[in-house]
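Step one of this worksheet: look at the structure below.
The values are calculated or read from the model by the stated rules, or taken from the named source; none is laboratory data. In this text, all values refer to a predicted model and were calculated from it rather than measured experimentally. Neighbour counts run over all protein chains shown; Cβ positions are idealised from the backbone, glycine included. In case anyone asks, the SASA skips ligands and DNA or RNA and just uses the protein heavy atoms, side chains included. Shrake-Rupley method; radii C 1.70, N 1.55, O 1.52, S 1.80 Å.
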Amino acid sequence: MSRINRICILLLLALPSSAWSELVIRVTQGNDKPTIVAISPIALNGIQIKEDIGRIVEADLKRSGLFSAIPRRDMLAFPAFSKDVYYRDWRMLGAEYLVVGSMALIEEDRYRLDFSLLNVTAQKTEFNHRVSGTKSQMRDLAHLISDKIYQEITGIRGAFSTRLAYVTANLENGKYVYRLHVSDADGAREKLMLESPEPIMSPSWSPNGKELAYVSFETGRPAIFRQNLVNASRQQLTDFSGLNGAPSWSPDGKKMALVLSKDGNPEIYMLDLQSNKFTRLTRHFAIDTEPTWMPDGKNLLFTSDRGGTPQIYKLNVASKATQRLTFRGNYNARASLAPDGRTLALIHRASSTFHVASFDLVTGRLIELTETRLDESPTVAPNGAMLMYATKQGDRGVLAAVSLDAGVRYVLPAKKGDVREPAWSPYLR
Amino acid sequence: MIKFNRISFVAVSLSMVLAGCSSAPTDQSTDIEDTTVQTGQVDTSAIEDSAMDMASGADTVFYFDYDKALLKPESRAALLEHAAALNSSPRSVRLEGHADERGTREYNMALGERRANAVKEFMVMQGVSAGLIEVISYGEERAASYGSNDGAWSLNRRVELK
């Protein structure tokens, strides 16, 4: 049951794929000149670890689409400290930056990794950083290195140390088994949060990244639960007749927007997690669903077909006033807001296929980002650089990612079964 | 390359001095916290498998058009038969609404409920007590036919009477 299903990462950029046709080629602005970085293997000084930290950092940076890496076989030396670096060698290889690092055991199961980012062109050290952790945290150490390098070079905070939550469904002995998983943002270290013979849906992170809310049918009906990641304690939050769905944690973590149909049709409600009081926010005979908070904590976005087709609306929590935001096309649903509070990722139907599109709340411009056909559940990384979504490869559900400018994309195929409903965690430190 | 946000230089940390390290100067340091994920347990004891026999051999699955929640004329005969049976010997039934996989999951939950409600309304109009009918939507979560094609989708847009 707890067998870890490693998800291998395929850089789609490297695939000779026809599935991602013109759109990819057309909009690669900014990424046709990736920064070339060389990552010297981390000196282990006799310490035995199974992870290759340098390779994890390299994979992180390459996956962002903004970097390419000098292959190890081309390196003339593997320096561990800046004092051992011959800049000329690295300049000859074309490297703009070089990462060096060295590990030491400081106490029982406590390891220290000192690393430096060197600017090869300027022949100087950009920064030195020290990170420490246990043997089981080597991937955390690696992702932290990636975060620091990414931030120093791009000026954008790295999101390599974040996590993904997602749901899988596997046919086992003729019956479906539903599982809620949490993994690192690169798909590694998958952990099982919940396993059930009944559907699990709609995972939503608490803003501190310590809990997930989700819908589980384990009682025979849909109900919203919250679950702590570290101690696995669970609490059922709703038990109404009809729909209990689409939980979305407020930015302050004190409230949850959700959908109940106990009044006869789906309406948006707000649950105060301290007082357990429910407040009804919409009042319409149409479908109102998929609420998501705006960063101000005062407004929600939601999907409604009150205009005849599903479209995105904005709802002010205090005044309950609603405003329609999307007009292009006859299906715009499941908005996920980027951290800029301005760019929406949503599901847009165009000629009977469902794509992820970005929608600018200020200009009203809608841009299709994907060319797959059954896309669902877009979720934007906390740094706004990439979004993850669910799509189909053949008849199987897989997770894929695309940058918000559509210039970078990759897929995370699972080894077996159907993967769906990714939810990108907030920053965890 | 854009470059800002230089990390300010912080004096060599105490731990480094204590460890007697003589490597590169350290600007900043980070300790990784333990955030290991544990597995929760579901309690499925409440679930009853309601494989009750339906009146006669009338159909118990009713299909719908894409994006629609209107009963099809061909569903009427079987529903009238079920309504008559429930009126003569009342018992609780479940109407499980489903959608095909196209579109978003929570919207499809709402669509599945709309379909099940359409069946419920029809049965209530035939005199069945609304209190006997429970509506549950599974959206696109429990496909009857697997595959991403028109044939599978048409079998998945359904309401099951149980």
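Points to keep in mind about this one:
- Qualifying residues in the range A:230-265 (those that are of a type in the set (Ser, Thr, Tyr) and within 11 Å of chain B (Cβ to nearest Cβ)) - the one nearest to A:Pro207 (Cα to Cα): A:Ser248
- Within the range A:45-67, not a single residue is assigned to a strand (DSSP E or B), at pLDDT below 95, in the same structural domain as A:Ile149 (by TED's automatic domain parsing) and of a type in the set (Val, Ile, Thr).
- Applying the criterion of being facing chain A (nearest Cβ under 7 Å) and small (Gly, Ala, Ser) to the residues of the range B:95-116, the residue that is nearest to A:Tyr331 (Cα to Cα) is B:Gly103.
- Candidates A:Tyr97, A:Tyr111: the one that is under 19 Å from A:Ser136 (Cβ atoms) and within 11 Å of another protein chain (Cβ to nearest Cβ) is A:Tyr111.
- The residues of the range A:162-180 that are more than 9 Å from every other protein chain (Cβ to nearest Cβ) and either of a type outside the set (Val, Ile, Thr) or within 13 Å of B:Glu141 (Cα to Cα) (or both), listed by number, are A:Leu164, A:Ala165, A:Tyr166, A:Val167, A:Thr168, A:Asn170, A:Glu172, A:Asn173, A:Gly174, A:Lys175, A:Val177, A:Arg179.
- Candidate set from the range A:83-106 (those that are more than 34 Å from the chain's Cα centre (by Cα) and surrounded by fewer than 18 Cβ atoms within 10 Å (Cβ to Cβ)); member that is nearest to A:Glu51 (Cα to Cα): A:Asp84
- Among residues of the range A:107-131 being over 28 Å from the mean Cα position of the chain (by Cα) and of a type in the set (Val, Ile, Thr), the one that is most open to solvent (accessible area, probe 1.4 Å) is A:Thr121.
- In the range A:305-348, residue surrounded by the most Cβ atoms within 10 Å (Cβ to Cβ) [restricted to those that are in contact (Cβ under 8 Å) with a residue 40 or more places away in the chain and part of a loop (DSSP other than H, G, I, E, B)]: A:Thr326
- Residue check, A:Gly264 in a loop (DSSP other than H, G, I, E, B), free of Cβ contacts under 8 Å to residues at least 24 places away in the same chain and more than 30 Å from A:Ser116 (Cβ to Cβ): yes
- Some residue of the range A:74-87 being in contact with a Gly (Cβ under 6 Å, 6 or more places away or on another chain), farther than 30 Å from A:Thr168 by Cα and either modelled with pLDDT of 95 or more or within 13 Å of chain B (Cβ to nearest Cβ) (or both): no
- Residues that are part of a loop (DSSP other than H, G, I, E, B), in contact with a Leu (Cβ under 9 Å, 6 or more places away or on another chain) and open to solvent by less than 10 Å² (accessible area, probe 1.4 Å) do occur in the range A:352-372.
- Filtered by the rule that a residue be more than 28 Å from the chain's Cα centre (by Cα) and either in a strand (DSSP E or B) or among the basic types (Lys, Arg) (or both), the range A:267-282 gives A:Lys277, A:Phe278, A:Thr279, A:Arg280.
- Residues located in the range A:276-312, provided they are over 20 Å from A:Lys262 (Cα atoms) and among the hydroxyl-bearing types (Ser, Thr, Tyr): A:Thr292, A:Thr309
- Qualifying residue in the range A:422-429 (condition: away from chain B (no Cβ under 14 Å) and open to solvent by less than 50 Å² (accessible area, probe 1.4 Å)): yes
- A:Glu152 being in contact with a helix residue (DSSP H, G or I) (Cβ under 7 Å, 6 or more places away or on another chain) and under 30 Å from A:Ser82 (Cα atoms): no
- Taking the numbered list (1) surrounded by 16 or more Cβ atoms within 10 Å (Cβ to Cβ); (2) away from chain B (no Cβ under 14 Å); (3) farther than 15 Å from A:Ser202 by Cβ in turn, A:Trp293 passes all entries but (3).
- So A:Pro203, is it facing chain B (nearest Cβ under 10 Å) and either at pLDDT 95 or above or under 22 Å from the mean Cα position of the chain (by Cα) (or both): no
- Residue within the range A:220-229 that is more than 10 Å from chain B (Cβ to nearest Cβ) and either crowded, with 24+ Cβ neighbours inside 10 Å or modelled with pLDDT under 95 (or both) present: yes
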